[in-house]
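Note sheet for the following structure.
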Amino acid sequence: MTYLPASTRYDSMTYRRCGRSGLLLPAISLGLWYNFGGVDSLENARAMIHRAFDLGITHFDLANNYGPPPGSAEETFGRILAQDLAAYRDELVISSKAGYLMWPGPYGEWGSRKYLVASLDQSLKRMGLDYVDIFYSHRPDPNTPLEETLGALDFIVRSGRALYAGISTYSPEQTRQATSILRSLGTPCLIHQPRYNMFDRWIEEGLLDVLADEGVGCIAFSPLDQGILTDKYLRDIPEGSRADKLRGEFHWGDTVSEARVATVRRLNDLAQARGQSMAQMAIAWVLRHPQMTSTVIGASKVRQIEEAVAALDNLTFSAAELAQIESLL
Ligand SMILES: NC(=O)c1ccc[n+]([C@@H]2O[C@H](COP(=O)([O-])OP(=O)(O)OC[C@H]3O[C@@H](n4cnc5c(N)ncnc54)[C@H](OP(=O)(O)O)[C@@H]3O)[C@@H](O)[C@H]2O)c1
């Protein structure tokens, strides 16, 4: 069936300015790390992307290695784009990244110019695109000079492969250096993509201040701690959930531990008192910082995207609510 986007798609989404740039991003963006791979249902992936766009989510976040297998999320996205969204390319902000292991040998990961440029060329082919809107250095490389990695991003933008450059998971100090190098090259750093949620608050210790000083936007990933900050695990680990599929071996060291679930139970009571679900309060809490341009959520079902977007109906926290969250965390 032909897909026609909802004519109401720009009616209720909030768009926030990305740092001191000209680009606006939706407060909620959709990431394709899981559930859009070659092992997943194409029809479900298609339904989620349609619904997201219908709700005003204009930003889709990818990386070379998303799948599984690696690369297949970009292929899925490319198919859906060609089939349904080609006419809307200029309404979309599509990002990709390189940094983690993608192919064997010395040129298939980290931060060399050799790897970053080759990887983006492969990503563009998989997605059937001439350019991505944002291209990220996915992680800092301790063994490559920052000048080389950021010089590659500058080249990528100047060669028309990407419109903007971004960095992900760089420390405050690395971020300060990276933004200075990029500025000197004439390609300002648009955005930083760090991990941030109620259980992982490292960006509060320096990074947010650096981003505010430098005029760089921020898009937090894993606002739900991969699903732990929802009501999903309050009783058990449901079949088919991410914790079940990964057999408890989440990336980034997350665990559905008794202690964590006990905290989420108490947070869940507070969310209900605010008239929100646990997931919605976790998203609103991430978006409370003025520097936070957007948060990139993951989803396995259309209704999770709908629930996330409805979080925007209540983004305000009273001082008492914030204090209560602090004491629970
Ligand atoms: N830059 C980086 O290094 C990096 C690293 C990781 C991720 N990312 C980006 O961030 C995106 C999001 O990461 P994430 O998937 O970890 O985000 P997340 O939003 O913290 O977790 C998403 C998962 O939570 C569960 N969920 C979502 N809404 C729910 C609800 N209302 N009720 C119950 N469960 C719900 C779903 O898992 P189930 O399968 O259990 O339903 C969903 O797949 C990625 O796709 C990627 O684009 C970037």
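The values are calculated or read from the model by the stated rules, or taken from the named source; none is laboratory data. Just so it is clear, the model here is predicted, and its values are computed rather than measured. As a convention, Cβ positions derive from the backbone with ideal geometry for all residues, glycine included, and neighbour counts pool all protein chains shown. Accessible surface is based on the protein model in full, side chains and every heavy atom, while ligands, DNA and RNA are left aside. Shrake-Rupley method; radii C 1.70, N 1.55, O 1.52, S 1.80 Å.
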Report summary line: Going through segment 125-159 in order, the residues found to be closer than 17 Å to V93 by Cα, in a loop (DSSP other than H, G, I, E, B) and hydroxyl-bearing (S, T, Y) are Y131
Query raised in the report: Within segment 299-329, how many residues are loosely packed, with under 13 Cβ neighbours inside 10 Å and among the β-branched types (V, I, T)?
Result: 1
**Report entry** Those residues of segment 125-158 which are under 19 Å from K114 (Cβ atoms), of a type in the set (S, T, Y) and within 20 Å of the chain's Cα centre (by Cα), in sequence order
**Finding:** Y136, S137
Report task. Can you give me the number of residues within segment 35-50 that are at negative phi, surrounded by 20 or more Cβ atoms within 10 Å (Cβ to Cβ) and not hydrophobic (A, V, I, L, M, F, W, C)? Result -> 1
Report summary line: Considering segment 244-298, residues that are more than 24 Å from S95 (Cα to Cα) and of a type in the set (K, R), and then whichever is least open to solvent (accessible area, probe 1.4 Å), we arrive at R274
Requested in this report: State yes or no: is F77 open to solvent by less than 10 Å² (accessible area, probe 1.4 Å), of a type in the set (A, V, I, L, M, F, W, C) and within 12 Å of the ligand (Cβ to nearest atom)?
Outcome: yes
Report summary line: Flagged in segment 58-74 as more than 15 Å from L124 (Cα to Cα) and surrounded by fewer than 19 Cβ atoms within 10 Å (Cβ to Cβ), in numbering order, are P68, P69
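Listed here are the residues, each with its yes/no results for (1) part of a helix (DSSP H, G or I); (2) open to solvent by less than 10 Å² (accessible area, probe 1.4 Å); (3) in contact with a strand residue (DSSP E or B) (Cβ under 7 Å, 6 or more places away or on another chain).
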{"position": "Q83", "(1), (2), (3)": "yes, no, no"}
{"position": "D90", "(1), (2), (3)": "yes, no, no"}
{"position": "I94", "(1), (2), (3)": "no, yes, yes"}
{"position": "K97", "(1), (2), (3)": "no, yes, yes"}
{"position": "L101", "(1), (2), (3)": "no, no, no"}
{"position": "W110", "(1), (2), (3)": "no, no, no"}
{"position": "S119", "(1), (2), (3)": "yes, yes, yes"}
{"position": "S123", "(1), (2), (3)": "yes, yes, yes"}
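Out of all the residues in segment 22-56, which are of a type in the set (A, V, I, L, M, F, W, C) and either part of a helix (DSSP H, G or I) or within 12 Å of the ligand (Cβ to nearest atom) (or both)? Please lay out each step first, then the result.
In the first step, residues of segment 22-56 are kept if they are of a type in the set (A, V, I, L, M, F, W, C); the result is 23-25, 27-28, 30, 32-33, 36, 39, 42, 45, 47-49, 52-53, 55.
Selection gives I28, L30, L32, W33, F36, L42, A45, A47, M48, I49, A52, F53.
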Report summary line: A careful count of residues in segment 229-240 that are within 8 Å of the ligand (Cβ to nearest atom), free of Cβ contacts under 8 Å to residues at least 40 places away in the same chain and buried (at least 17 other Cβ atoms within 10 Å of the Cβ) gives 1
**Report entry** Within segment 178-225, tally of residues that are more than 16 Å from the ligand (Cβ to nearest atom), over 17 Å from the mean Cα position of the chain (by Cα) and either small (G, A, S) or crowded, with 16+ Cβ neighbours inside 10 Å (or both)
**Finding:** 14
Query raised in the report: Looking only at segment 80-112, which residues are within 18 Å of the chain's Cα centre (by Cα) and either within 11 Å of the ligand (Cβ to nearest atom) or under 19 Å from G37 (Cβ atoms) (or both)?
Result: I94, S95, S96, K97, A98, G99, Y100
